[in-house]
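Right, one structure below, let's go through it.
Please treat every number below as a calculation from the coordinates, not as lab data. These numbers come from a predicted model, not from an experiment. Reconstructed Cβ throughout: ideal geometry from the backbone, glycine too, with neighbour counts over all protein chains shown.
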Amino acid sequence: MKTVVVIDDDLTLLQDISAWLCQEGFQAFTATQGKQGLKLIQHQPPDLILCDVRMPIMDGVETLKVLRNQPLTAEIPFIFLTSEVDIDHFFTVLRLGVTGFLKKPVNFTELHQVLHRIDFTKPQQAAFVEGALS
């Protein structure tokens, strides 16, 4: 069973995504902020990470930076969940190796499509995946 860590400070969204992932056959683990997510990921590296961009204490960009600088987690596909697109922010996270973006509120049809575009048998995706950002 593939595992997904979902990191977001919105508890309702965490519950909704986690329940949906379980229905789709994934094992989901959740965290409400970046530091908590890092502990989960470092203890048991998942097959995929879904992470909010803006969170208190440690935001998604800092979380991604830490993960990309550790050999054990550097290749895990990482998708940002975001309600806004800031072009400067967009290029920064592309350079850090983000796998893709999904716009909030999360559309589960789009999440399904993204999950099926990721090849979990290979390390970090070369192809960029995205949900609707328009």
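Observations on the structure shown:
- Order of 26, 78 under a 10 Å beta carbon neighbour criterion, fewest first: 26, 78
- Which of 11, 115, 64 has the fewest Cβ neighbours within 10 Å, and the rest in rising order: 11, 115, 64
- Packing rank of 44-52, 92-100, where each peptide gets the mean count of other beta carbons within 10 Å, highest leading: 44-52, 92-100
- Using C-alpha pairs under 8 Å with a sequence gap of at least 6, the mean separation divided by the residue count of the range 1-106 gives a relative contact order of 24 percent.
- Tensor-based shape of the range 5-93 (alpha-carbon gyration tensor, a/c under 1.5 rounded, otherwise prolate or oblate): oblate
- Cβ-defined net charge surrounding residue 96, 11 Å radius [Lys, Arg +1; Asp, Glu -1]: +2
- Note on 43, 112: ascending count of other Cβ atoms within 10 Å places them as 43, 112, the fewest first.
- Here the Karplus curve 6.51 cos²θ - 1.76 cosθ + 1.60, taken at θ = phi - 60°, turns the phi angles of the range 59-70 into couplings of 7, x, 5, 5, 4, 4, 4, 4, 5, 6, 9, 10 Hz, with x standing for Gly and Pro.
- Between amide H atoms placed 1.01 Å from N, distances below 5 Å from residue 29 occur with 4, 5, 6, all of them 5 or more places distant or on a separate chain.
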